[in-house]
1. Restricting attention to segment B:56-94, report how many residues are loosely packed, with under 14 Cβ neighbours inside 10 Å, part of a helix (DSSP H, G or I) and within 16 Å of DNA strand C (Cβ to nearest atom).
2. Is it fair to say residue B:125 is small (Gly, Ala, Ser), closer than 19 Å to residue B:25 by Cα and not in a helix (DSSP H, G or I)?
3. From the residues in segment A:221-236 that are within 13 Å of DNA strand C (Cβ to nearest atom) and of a type outside the set (S, T, N, Q), which one is farthest from the other protein chains (Cβ to nearest Cβ)?
4. Filter segment A:189-220 down to residues that are surrounded by fewer than 17 Cβ atoms within 10 Å (Cβ to Cβ) and among the hydroxyl-bearing types (Ser, Thr, Tyr) and give me whichever is nearest to the other protein chains (Cβ to nearest Cβ).
5. Quick one: would you say residue A:158 is in contact with an Asp or Glu (Cβ under 7 Å, 6 or more places away or on another chain), among the charged types (D, E, K, R) and either modelled with pLDDT of 90 or more or within 15 Å of DNA strand D (Cβ to nearest atom) (or both)?
6. For segment B:95-109, how many residues meet the condition of being surrounded by 17 or more Cβ atoms within 10 Å (Cβ to Cβ) and not in a helix (DSSP H, G or I)?
7. Taking the conditions exactly as written (more than 7 Å from DNA strand C (Cβ to nearest atom) and at pLDDT 90 or above), does residue A:197 satisfy them or not?
2 protein chains.
Amino acid sequence: MKLNLESLVSSLQKATSPEHLQAITRTLCDILNVRHVVYHWVNSKGERFGAGTYSTEWIDRYLEKDYLRMDPVIFGCFQRFTPVIWKDLDWSSRAASAMFRDALDHGLGNQGYTIPVRGPNGQFALFTLNDQADDDEWKSFVATNARDLMIIAHEFNKKALEFEREGEGVPKPALSPRELSAMTCLAKGKSRAQAAAEMGISEHTLRVYIESARHKLGALNTTHAVARALSEGIILV
Amino acid sequence: MKLNLESLVSSLQKATSPEHLQAITRTLCDILNVRHVVYHWVNSKGERFGAGTYSTEWIDRYLEKDYLRMDPVIFGCFQRFTPVIWKDLDWSSRAASAMFRDALDHGLGNQGYTIPVRGPNGQFALFTLNDQADDDEWKSFVATNARDLMIIAHEFNKKALEFEREGEGVPKPALSPRELSAMTCLAKGKSRAQAAAEMGISEHTLRVYIESARHKLGALNTTHAVARALSEGIILV
DNA sequence: CACTGCCTCGCTATTTATGGGGGGGCTAAA
DNA sequence: TTTAGCCCCCCCATAAATAGCGAGGCAGTG
């Protein structure tokens, strides 16, 4: 079957619920003739959302075994920008190779291709294809479809962000310039005294900024505030 | 002139320096028959890099006037995931409309289309087209080219990250599982006592993990350690 | 004009983190 | 087998962060 990008994108754009996305992953699975198609993302609050063809057994096992913490796909994609072919990752660690075998036992194919997608506020998503194939077959499959898959991944992400915004209405914490400077200094490892010196203000004043930034970010302490500011992407180290 | 996506992407992939990117923006400008094409990004260290056809006068003025802090394009794209047509943004504020008039005076057209692109570690880039046109003309131009432009924006970004990585080559420090848990707890805002309770160990032991993680990460204090772990992508919030 | 938000500085008290130092046991690779 | 790395616990002193309270000036918005 041939991939008709236009019709697929338009059905994605018409989707009004996560269930539609789920259905589209199944359709895509048939069209591309692969074992699995999965879209999965983590929002800025650490909540997960997934649409895909993995069995619930595998998903449960994945979470239960805490594979998230050792999955080279997650690691690799979190640090890179470009899509990745699973075989190119480092599976040498004991935990990773055990996970890989476990995945095969739960119906996954030995080949995978994952496109990382990033949204605002540190939002991070993965769009994954999985199939059983040899390395060359898979490489050429990927080469053929890479561009279309990227478009599809982005349409998935657009929808996911839409759904998220509907349900919640995410108030974006906007920090003032001085608060941003303060957070940045702290993220760079400066103590309050050093940060105050660098900003040319008293330590007392700096403290006020940190406090107000903390409140705006809904953070429990300074470390938390810096962590949130970083992962929401409102400061850079 | 018609846009040949394949050849453009391949020349992008062959680029070996920022100057090549610069040249490609000029080519693209001719092909698409628009006034300006600009790719601009901020890396994880806050350093800026740009390739584009804006005049140096305008760039200098932009920085000098601190337009970065009031530009609706920057604001809008930082918070959204999808490309934006400038006219759809909110230009009502005093500062923004002054900036817009100033831009027109410096050779920019009245229409713009900007694609935000995000990379790992909060990296943030913009790919912008600018031209003189009426609203409907511009809308149809954008509709025609949106998909290709997204591919191009991503190729630009891939290159930019490549250039960045060349200079560095820093091996990321590997933390032990308990150290990772400790860092993650702290990043979630837990105090040492809470984190220790959650991990089921004494606070003293937890401290040892934090210390050793700090040393491995070359961090000056706990906050710095968590910030590094986050921005290196070795923990997730 | 009044309002809100930002920037600046001060005080006190309590809690918490930091920087060292020790110790022992356990597993996995060299 | 030895070594290295991880995991777990304890003590001490000092330094730093936190949580409240207070104040005034200045700029931009409606």
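The values are calculated or read from the model by the stated rules, or taken from the named source; none is laboratory data. Since we're looking at a predicted model, the values are computed, not measured. Ideal geometry is used to build each Cβ from the backbone, glycine not excepted, and the neighbour counts take in all protein chains shown.
1. Residues that pass the stated criteria total 3.
2. Yes; evaluated as a whole, the condition is true for this residue.
3. Of the residues in segment A:221-236, the ones within 13 Å of DNA strand C (Cβ to nearest atom) are A:221-224, A:226, A:234.
Pick out the ones that are also of a type outside the set (S, T, N, Q) and you get A:224, A:226, A:234.
Values: A:224: 3, A:226: 5, A:234: 8 Å.
The qualifying residue farthest from the other protein chains (Cβ to nearest Cβ) is A:234.
4. A:191
5. On the way: in contact with an Asp or Glu (Cβ under 7 Å, 6 or more places away or on another chain): no; among the charged types (D, E, K, R): yes; either modelled with pLDDT of 90 or more or within 15 Å of DNA strand D (Cβ to nearest atom) (or both): yes.
So residue A:158 does not fit the description; no.
6. The qualifying residues number 2.
7. So residue A:197 does not fit the description; no.
Conditions tested, residue by residue: (1) touching a residue at least 12 places away in the same chain (Cβ under 8 Å); (2) within 12 Å of chain A (Cβ to nearest Cβ); (3) of a type outside the set (A, V, I, L, M).
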site	(1), (2), (3)
B:143	no, no, no
B:164	yes, yes, yes
B:177	no, yes, yes
B:180	yes, yes, no
B:187	yes, yes, no
